[in-house]
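Notes follow once the structure below has been shown.
The values are calculated or read from the model by the stated rules, or taken from the named source; none is laboratory data. For clarity, every value in this text was computed on a predicted model and none was experimentally measured. Backbone-built Cβ (ideal geometry, glycine too); neighbour counts: all protein chains shown.
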Amino acid sequence: MPLLAHPGDEVSHRIVELRRTFHRRPELAFKEAETARTVMGELDRLGIEYRYDGVGSAVIGRLPGPPGSPVVALRAEMDALPAMEKTGLPFASEIDGRMHACGHDAHMAMVLGAAALHREDPPPGTVVYLFQPAEERGGGARVPLDAGLLDDVQAIFAGHVTHHYSVGEIMVTPGTVTAQSDAFRIRVCGRGGHGARPHEAVDAVIVAGMLISSIQSLVTREIDPVHPSVVTIGRLEAGTASNVIAEEAVLEGSIRTTRPEVREHIHLGLERLCRAAGELHRADVTVEIRGGYPPVVNTEREAEIARVSAADVVGQRGVVVQEYPSMGSEDFGFLLQRIPGCYVRLGTRGPDDVYVPLHSPRFDIDEDVLPIGARYFDVVARRAIEALAEGG
């Protein structure tokens, strides 16, 4: 295949049109009704069978191959973010407070583009097109998994647009790509009182302040610096008036880790620090830790299939490797816990574009990435089917 191989003009134009349609009508997690209808309408147009169990579920298209042939899945996400778009695009969000600021509109268009290419030239196996709900919040990848709808899938592939790379670059790397994410909530219960008589009170703000500082020492002084980890306190609520000693404080934050032993150490350390703070200041300090998304860990064989497929599409020079795991999280990790697969990043920064991070109200893509992504998904499905067939 030539460098930057594109689908035909008809498919390329169609996926740009689809991306813009999705972009205009963003929907939040587990509420992707109109988005699902658009996906199903395109699958109907292509003559591809699908299953949909209603709002909050996945749309799962299936292009069957010969009986007993390998089954490979391609995944895209349907949900958008609660953000007010500031791109100024002629096809900007028509719904206030919602925006496709993470590129899921592009991902859906790419996978549908691959489906169109597969319909024209069917691979020698079954391809499942998974359009999942609620990647941003709620771990929607678990919905089709828990329903058993992916039980026969032998390999799964996904991609994500990013301004970290330029159009024509695809990041492929084996092993850990994104971090484990967890959330925590600390509640400090002291004893309120008058600001003029602190000796009669137990100041929850003082305890919270100590915890804010000491929690950072878990990472800076207890974790090997070669193992990436981040603890962030993103919310603090305390007090009712400037002359009242606060009786209660609430701290909420997140934990990002890439190794299970580091994760366990931080969890136990957080509980230890809360006990100690409560004992030191005569307060009742409790912590609740909620498990989030698991890390995305690409399997070796599927990463190699993805690497070769990416090189087919963008050439060897266009294939880049991620040197360190991202501390962001992705619910594709749930899928990789059960199915071998690979998650890549698709460069979408144009030659004159200024870097804009994901989730920004100004995030946009260079639409030249759309046919590249469609061709990548087309090729990686074919190569995976061939590899699975050869491997039995």
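The figures follow:
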| read-out | value |
| --- | --- |
| Candidate set from the range 355-390 (those that are aliphatic (A, V, I, L, M) and in a loop (DSSP other than H, G, I, E, B)); member that is surrounded by the most Cβ atoms within 10 Å (Cβ to Cβ) | Ile365 |
| Any hit, the range 102-120, residues being out of contact with any strand residue (DSSP E or B) (no Cβ under 9 Å at 6 or more places or on another chain) and not in a helix (DSSP H, G or I) | no |
| Of all residues in the range 212-233 being in contact with a Leu (Cβ under 9 Å, 6 or more places away or on another chain) and of a type outside the set (S, T, N, Q), the one that is surrounded by the fewest Cβ atoms within 10 Å (Cβ to Cβ) | Ile212 |
| Pairs with Cβ under 9 Å, 6+ apart, first in the range 226-255 and free of Cβ contacts under 8 Å to residues at least 12 places away in the same chain, second surrounded by fewer than 16 Cβ atoms within 10 Å (Cβ to Cβ) | Ala241/Gly195 |
| Counted residues, the range 234-270 - those being modelled with pLDDT of 95 or more, surrounded by 16 or more Cβ atoms within 10 Å (Cβ to Cβ), of a type in the set (D, E, K, R) and closer than 24 Å to Asp224 by Cβ | 2 |
| Restricting the range 45-68 to residues that are among the small types (Gly, Ala, Ser) and surrounded by fewer than 16 Cβ atoms within 10 Å (Cβ to Cβ), the residue that is farthest from Ala109 (Cα to Cα) | Gly68 |
| Among (1) surrounded by fewer than 20 Cβ atoms within 10 Å (Cβ to Cβ); (2) in contact with a strand residue (DSSP E or B) (Cβ under 7 Å, 6 or more places away or on another chain); (3) in contact (Cβ under 8 Å) with a residue 12 or more places away in the chain; (4) closer than 22 Å to Val177 by Cα, the one test that Ala311 misses | (3) |
| Conditions (1) in contact (Cβ under 8 Å) with a residue 60 or more places away in the chain; (2) in contact with a helix residue (DSSP H, G or I) (Cβ under 8 Å, 6 or more places away or on another chain); number of the one not met by Ala80 | (1) |
| Residue tally, condition in contact with a Ser or Thr (Cβ under 8 Å, 6 or more places away or on another chain) and surrounded by fewer than 19 Cβ atoms within 10 Å (Cβ to Cβ), over the range 167-186 | 2 |
| Matching residues in the range 292-315 - criterion: being of a type outside the set (Asp, Glu) and out of contact with any helix residue (DSSP H, G or I) (no Cβ under 9 Å at 6 or more places or on another chain) | Gly292, Ala303, Arg307, Gly315 |
| Test for Arg317: is it closer than 19 Å to Val188 by Cα and out of contact with any Leu (no Cβ under 6 Å at 6 or more places or on another chain) | no |
| Qualifying positions in the range 132-160 - of a type in the set (A, V, I, L, M) and under 11 Å from the mean Cα position of the chain (by Cα) | Ala134, Ala141, Ala158 |
| Any hit, the range 196-207, residues being at pLDDT 95 or above and at positive phi | no |
| Qualifying strands (runs of 3 or more DSSP E) (wholly inside the range 127-209; at least 3 residues being farther than 29 Å from Arg259 by Cα and assigned by TED's automatic domain parsing to the domain that holds Gly54) | none |
| Check on Asp182, under 31 Å from the mean Cα position of the chain (by Cα) and of a type outside the set (Gly, Ala, Ser) | yes |
| Among residues of the range 69-90, those that are out of contact with any Pro (no Cβ under 6 Å at 6 or more places or on another chain), crowded, with 24+ Cβ neighbours inside 10 Å and under 18 Å from Ile15 (Cβ atoms), counted | 4 |
| The listed residue being in contact with a strand residue (DSSP E or B) (Cβ under 6 Å, 6 or more places away or on another chain), among the aromatic types (Phe, Trp, Tyr) and within 16 Å of Ser329 (Cα to Cα), out of Phe184, Phe131, Phe157 | Phe184 |
| Matching residues, the range 141-152, being surrounded by fewer than 24 Cβ atoms within 10 Å (Cβ to Cβ) and in contact (Cβ under 8 Å) with a residue 12 or more places away in the chain | Arg142, Val143, Leu145, Ala147, Leu149, Leu150, Asp152 |
